[in-house]
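Below: the structure, in structure tokens.
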Amino acid sequence: MGIRFDSVTVAYDGNVVLDALDLTVEPGEVMALLGPSGSGKTTALRAVAGFVRPVAGRVLLGGRDVTDLPPYRRGIGMVVQQYALFPHMRVDENVAFGLRARRVSKGETRQRVAEALEMTGMAAYARRHPRELSGGQQQRVAIARALAIRPDVLLLDEPLSALDAQLRSGMLAELARLHRELPDVCMLYVTHDQVEALTLADRIAVMDKARLQACGTPRELYRAPTDAFTASFVGGANLVPVTVGSGGVSFAGTELKVDTRGVVAGARATLCVRPHVVGLEPGPEQGPGVNQLTGVVREIQWRGATHRLYVEVDGHTVMADVRELRDPPVHGDSVTLHFAPEDAVLLPAGVTHE
């Protein structure tokens, strides 16, 4: 069963918080709704769950219009960031709650609870109470409860945001495994975390200011973003203003070789270059076609395996993530950066990093 947003608009007291969303999530697909706070992503998820009603448009599940149906008649599993477990109930009782509300027989309830706990690795904790579990274990119980009703659609609203980095990484791996084991379940995953979206999703829908900005596979959005907001929000990027020439672009008085097909010479545009493809001080192996920029180091951050350099080039900051340096430059040093023409993407003129 898939999800379809058909021009869905949600507004509170005349304030539009989701603006004419058109989006389809295919059966068995994991779609991440990625965006900053207030972008409309959680509102979209709540519209699918039935907790908010659109002022215009329709929500369809498996081709069936469910816009006017109450939540309990939609057959959806949902996991939220606060876990929402009943503290007075044991783990197995929490997982059984949705089944009992649906009047599933006791025998089948026991079977489904056991299956859901086994699937989430929580079978050994069935008789414990939530207070006896870690945050990651509580979130697994919440996921088990959602899976126990055997939903065709699973909604996850920032389910890992309350966990520390190590637990979050482990839970991402668990969710990926669950997706492989439940290939027919459609998942809509709301997050503001780029890593979660890039790691888990088959496709990412980028949201901003109540509207859908872009939608595509993680690789498409990372390697070939279509706009400056998507480029900066999915993975981080250097975005600098350039003027298009006949065989490249001009930035800071330097001619750079990039693909300008389809862009009129003389037009203004935004050049997108990911920090990890920017190198320091090119050597002969880079060849004659490499692009070079010279600037002044304004900040340097050690990040373990890499150093991130913030280099000022003609009043604009260019970031470079380079392998850990034995003798890194210091604030005020003049350095030369380089990147290959094929690693740059030309975007419509828009917001730039300065």
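The values are calculated or read from the model by the stated rules, or taken from the named source; none is laboratory data. Treat the numbers as computed from the prediction; the structure is a model and nothing was measured. Note that each Cβ is placed from the backbone with ideal geometry, even for glycine, and that neighbours are counted across all protein chains shown.
Checked against (1) part of a loop (DSSP other than H, G, I, E, B); (2) surrounded by 14 or more Cβ atoms within 10 Å (Cβ to Cβ); (3) in contact (Cβ under 8 Å) with a residue 60 or more places away in the chain, ARG128 passes all but a single condition, namely (3).
THR67 falls short on exactly one of the conditions (1) surrounded by fewer than 22 Cβ atoms within 10 Å (Cβ to Cβ); (2) over 29 Å from ASP208 (Cα atoms), and that condition is (2). Taking the conditions exactly as written (over 26 Å from the mean Cα position of the chain (by Cα) and part of a helix (DSSP H, G or I)), does VAL95 satisfy them or not? Spelling it out, VAL95 is indeed over 26 Å from the mean Cα position of the chain (by Cα) and part of a helix (DSSP H, G or I).
Only one entry in LEU60, LEU69, LEU21 is part of a strand (DSSP E or B) and more than 22 Å from the chain's Cα centre (by Cα), namely LEU60. Please tell me if ALA224 is touching a residue at least 60 places away in the same chain (Cβ under 8 Å), among the small types (Gly, Ala, Ser) and surrounded by fewer than 16 Cβ atoms within 10 Å (Cβ to Cβ). Spelling it out, ALA224 is indeed touching a residue at least 60 places away in the same chain (Cβ under 8 Å), among the small types (Gly, Ala, Ser) and surrounded by fewer than 16 Cβ atoms within 10 Å (Cβ to Cβ). When ARG168, ARG180 are screened for being over 23 Å from ALA126 (Cβ atoms), modelled with pLDDT under 80 and not in a loop (DSSP other than H, G, I, E, B), only ARG168 passes. Taken over the stretch 35-83, residues that are at pLDDT 90 or above, under 21 Å from PHE97 (Cβ atoms) and of a type in the set (Gly, Ala, Ser) amount to 2. Note on the stretch 1-60: residues that are of a type in the set (Lys, Arg), closer than 15 Å to LEU156 by Cα and surrounded by fewer than 22 Cβ atoms within 10 Å (Cβ to Cβ) amount to 1. Selection of strands (runs of 3 or more DSSP E) fully inside the stretch 216-279 by the criterion of at least 2 residues being over 23 Å from VAL335 (Cα atoms) and either among the basic types (Lys, Arg) or over 16 Å from the mean Cα position of the chain (by Cα) (or both) returns 238-244, 268-273.
A search for C-beta distances below 8 Å between a residue of the stretch 14-35 that is in the same structural domain as LEU155 (by TED's automatic domain parsing) and any residue that is acidic (Asp, Glu) and crowded, with 17+ Cβ neighbours inside 10 Å, counting only pairs 6+ apart in sequence or on different chains, returns ASP22/ASP6; PRO27/ASP152; ALA32/GLU196; GLY35/ASP208. Looking across MET89, MET78, one residue alone is in a loop (DSSP other than H, G, I, E, B) and either surrounded by fewer than 18 Cβ atoms within 10 Å (Cβ to Cβ) or touching a residue at least 24 places away in the same chain (Cβ under 8 Å) (or both). It is MET89.
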